[in-house]
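Structure first, then comments.
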Amino acid sequence: MASLENSSTPKSAIRSHGERPPRRLLANAVRMLAADAVERAKSGHPGMPMGMADIAEVLWNDYLKFNPANPEWFDRDRFVLSNGHGSMLLYAVLHLTGYPLGIDEIERFRQLGSRTAGHPEREVHIGIETTTGPLGQGLANAVGMAIAEKVLAAHFNRDGHEIVDHYTWVFAGDGCLMEGVSHEACSLAGTLKLGKLIVFWDDNGISIDGKTEGWFTDDTPARFRAYGWHVIESVDGHDPDSIKAAIEAARAERERPTLICCKTTIGWGAPTKQGTAATHGAPLGEEEVAATRKALGWEPPPFVIPEEIKAAWDATERGKAAEAEWRARFERYRAACPELAAELERRMRGDLPEGWAEIAERVTQEIAAEAKPLATRLASLRALEGFAPHLPELLGGSADLTGSNNTLHSGSKRISAREADGNYIHYGVREFGMAAIMNGLALHGGFIPYGGTFLVFSDYARNALRMAALMGTRTIFVLTHDSIGLGEDGPTHQPIEHLASLRAIPNMTVWRPCDAVETAVAWRDAIERTSGPTCLALTRQTLPAVTRTAEQIELIRRGGYILSSSAEEPRVVLIATGSEVSLALAAADELRQAGVAVRVVSMPCVELFEAQSEEYRSHVLPASAARIVIEAGATQSWWRYVAGHGDVIGIDRFGASAPAKELFEHFGFTVERIVSVARRFA
């Protein structure tokens, strides 16, 4: 491995003209930008950027396909910094290669309002493909991106027209590989033979607590070989020739994803701190930064990059040429395959097909006309059967619960290693991996991914659901078996706090429909929503079909609406979701017979209801009426609607194992109880 002793760069190398500066000097520009930015912020992680700078220099200058003048060019390579704490490496490289990320943003690293956050936050137009920081998820996102590339290539490429042809590259650290999501995602990546996924493992043996030999002694190369990966071991991460040879070998392997095991020294270049945990998550300190400058022979002051080095890093012309060559090929493709070209462009823009609104309206009306009692998980399948034939971008899947989640519609075709021309992934029992991979699929573009599991197992996937909301990905999570109504499987499988927990995630839309019509509307909203993810909470048990007017069907999209109301001003409003709506309707009938003016409000989506005008919300929920909320889940998030005048009928303890009907009676989800509670306030 290259030593620090021979790393100094002669002054003449910095001042030379006409010749490309030495690779080490180019890498040192990344090192010093990272060290200086962290030092100024008095916060950050200089060790990884300094340790992986040589790898980044070779990758970005010799192999990565991108255009900083058009960061959203479709056929660019995707780069994912899974070990996102090393964010200054990415910011430095983006700045140096010509992306619209100015040196002023580097100087404001980790400051309020800057574009250089502590961990990378997705901003494609400056080159950040995904939000990383929670370790391992960036790697899983990359698996999704690589799946997207492989499937799109199978869908759209034709002989002589390799129009979808790009790599997914990942930097990952020890922490990424310790997190369990890396096992879930990388196991599937090997099974699907994602040959254009290349991962650099920063094998520096250091994490926050020190040397990892005390807690991470896995035979990582053997682990990845067992997944079916191509593994390149013992790469000197500070030797450009060794790095280049590894990349060439990885690119030559088209059948298997590749793990390049790079031996590096964390904080390389810092004379007294390199190779120690002291460089991982804290500034080097003024004295050590000064010593690093001296050791590296780096003369420029903080945040100053010599013109020769800027010119050597600048990829603007190279990127423009690469995109121009691709666009010329695309025009030949368009001439040969005009319909395919138009469809690919539509999908990469994220546009829905022409006439989509009319299609969605027709399907919803057809479902309303059927008026069939259905479990909403079956109603979800019915909606898919109506919508999917018009949406080739829908890419489904399930975490080994396909038959229970009802995510496999009649037009589904399984994606496999040999048959990538499909639209359905069997994720296996990998809820977290599935959700993170779905995020990667959505981030890549060209797909609207949906994936299913039981609502209770959203806990396994929760951080990926949170990341979906944080990034605003267009992902749809089908979460069935939504309450104690699933019955005999018992409290381990019966969600209690999960609806409240998901509703607490900012930018997450949660639907809990009461019948097939609300389910169809929920699916339509999820498909049309481009600013964030959607959760569909669906029942195992059959629910009755609710009769509605055309106006009421339209109002479903407001998240909450009047389903039934007495002629006079209501004295009590029953607010219900999902399987409890039919109970509220039956209770309202009894209350009216007793002379109580009552209104039933179905609120399948709280987030959409809250987004309505104050005028609309006050119309649906008049302040003069008492409010009773009925939902077979935790009561915590509902008390704001009661406002001191009413009650919440919910469940704040774990369930039990018994048939669904018995459980509803045991826990008080009955017409009789609703009537009794309502009469107290009416």
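The values are calculated or read from the model by the stated rules, or taken from the named source; none is laboratory data. Here the structure is a predicted model, which means the values were calculated and not measured. Glycine gets a Cβ as well: all are built from the backbone with ideal geometry, and neighbour counts include every protein chain shown. Ligands, DNA and RNA are excluded from the accessible area calculation, which covers all protein heavy atoms including side chains. Shrake-Rupley method; radii C 1.70, N 1.55, O 1.52, S 1.80 Å.
The figures follow:
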read-out	value
Accessible surface of segment 475-633, 1.4 Å probe, proportion on carbon and sulfur as whole %	49
Relative contact order %, segment 181-323, counting alpha carbon pairs below 8 Å whose residues are six or more apart	26
Residues with amide H under 5 Å from that of TYR167, placed H, sequence gap 5 or more	ASP77, ARG78
Taking the convex hull of Cα positions in segment 275-362, its mean projected area over all directions (nm²)	12.7
Size-normalised alpha-carbon gyration radius of segment 613-682, reference 2.2 N^0.38 Å	1.26
Rg to Rh quotient for segment 304-350, alpha carbon positions, Kirkwood Rh	1.29
For ARG332, solvent-accessible area (1.4 Å; no DNA, RNA or ligand), Å²	130
Distance (nanometres) between label positions extended 7 Å along Cα→Cβ at SER410 and GLU614	5.1
D_trans [Stokes-Einstein, Kirkwood Rh over alpha-carbon pairs] for the chain, 4 °C, 1.567 mPa s, µm² s⁻¹	48
Distance cut-off 12 Å, percentage of C-alpha pairs in segment 444-500 lying past it	68
Square roots of five times the Cα gyration tensor eigenvalues for segment 557-682, Å	23, 18, 12
Mean residue ellipticity (222 nm) of the chain, computed from DSSP H runs ≥ 4 via -39,500 (n - 2.57), nearest 500	-12500 deg cm²/dmol
Longest to shortest principal axis, alpha-carbon extents of segment 201-242, angstrom	30, 28, 11
Karplus-derived HN-Hα couplings along segment 175-185 (A = 6.51, B = -1.76, C = 1.60, θ = phi - 60°), whole Hz, x at Gly and Pro	x, 4, 7, 6, 5, x, 4, 5, 5, 4, 6
Whole-angstrom gap from segment 395-439 to segment 551-615, using each part's C-alpha centre	36
Per-bin percent of Cα-Cα distances, segment 23-90 [5 Å]	3, 17, 24, 21, 18, 12, 4, 0
Relative packing of 207-217, 565-575, which averages over residues the other C-beta atoms within 10 Å, highest first	565-575, 207-217
Within the chain: Cβ-based charge dipole about Cα centre, in debye rounded to nearest 20 (Lys, Arg +1; Asp, Glu -1)	240
Sulfur and carbon atoms: percent of accessible area, segment 142-270 [1.4 Å]	45
Accessible area of segment 47-115 belonging to carbon and sulfur atoms, whole % at 1.4 Å probe	46
Potential extension, LYS320-HIS645 segment - 0.36 nm per residue separation minus Cα distance	110.6 nm
Rounded accessible area of THR549 (nearest 10 Å², 1.4 Å probe)	70
Equivalent ellipsoid dimensions for segment 47-195 as semi-axes, Å, which come from the Cα gyration tensor, largest first	26, 20, 13
From the C-alpha gyration tensor of segment 516-621, square roots of 5λ in Å	25, 17, 11
Whole-Hz ³J(HN,Hα) from phi, Karplus 6.51 cos²θ - 1.76 cosθ + 1.60, for segment 362-375, glycine and proline x	5, 4, 4, 5, 4, 5, 4, 5, 5, 6, 9, x, 8, 5
Beta bridge orientation in the chain: antiparallel %, DSSP, nearest 5	15
Among LEU591, MET467, LEU502 - extreme Cα towards positive end, dipole of segment 442-595, charges at beta-carbon	MET467
Cβ crowding within 10 Å averaged over residues, with 611-622, 403-414, 274-285, 427-438 ranked highest first	427-438, 274-285, 403-414, 611-622
Amide H within-cut-off set for LEU394, under 5 Å, with H built and near neighbours excluded	ILE448
Filter on LYS263/LYS320; LYS65/LYS150; LYS65/LYS193; LYS65/LYS244 - keep pairs with C-alpha separation over 25 Å	LYS263/LYS320
Additional length obtainable on full extension of the chain from GLU343 to GLU385, 0.36 nm per residue less Cα span	13.0 nm
Residue-span extension gain [ASP219 to GLN593] - 0.36 nm each, minus C-alpha spacing	127.4 nm
Residue-by-residue Karplus 3J(HN,Hα) for segment 225-242, coefficients 6.51, -1.76, 1.60, Hz, glycine and proline x	4, 5, 6, x, 8, 8, 10, 10, 9, 6, 8, 6, x, 10, 10, x, 5, 5
Where only C-alpha atoms are counted, convex hull volume of segment 389-476 per residue in Å³	92
Counted charge near ASN83, where neighbours are those whose Cβ lies closer than 13 Å (Asp, Glu -1; Lys, Arg +1)	-4
Per-peptide average of other Cβ atoms within 10 Å, ordering 63-70, 333-340 highest first	63-70, 333-340
Euclidean distance between Cα centres, segment 143-177 to segment 341-394, Å	27
Principal axis dimensions, segment 167-275 - Cα atoms, whole angstrom, descending	44, 32, 20
The chain, accessible area per residue, ligands and nucleic acids excluded (1.4 Å, Å²)	36
Amide proton proximity set for GLY267, modelled H, under 5 Å, gap of 5+	MET48, MET50, GLY51, GLY275
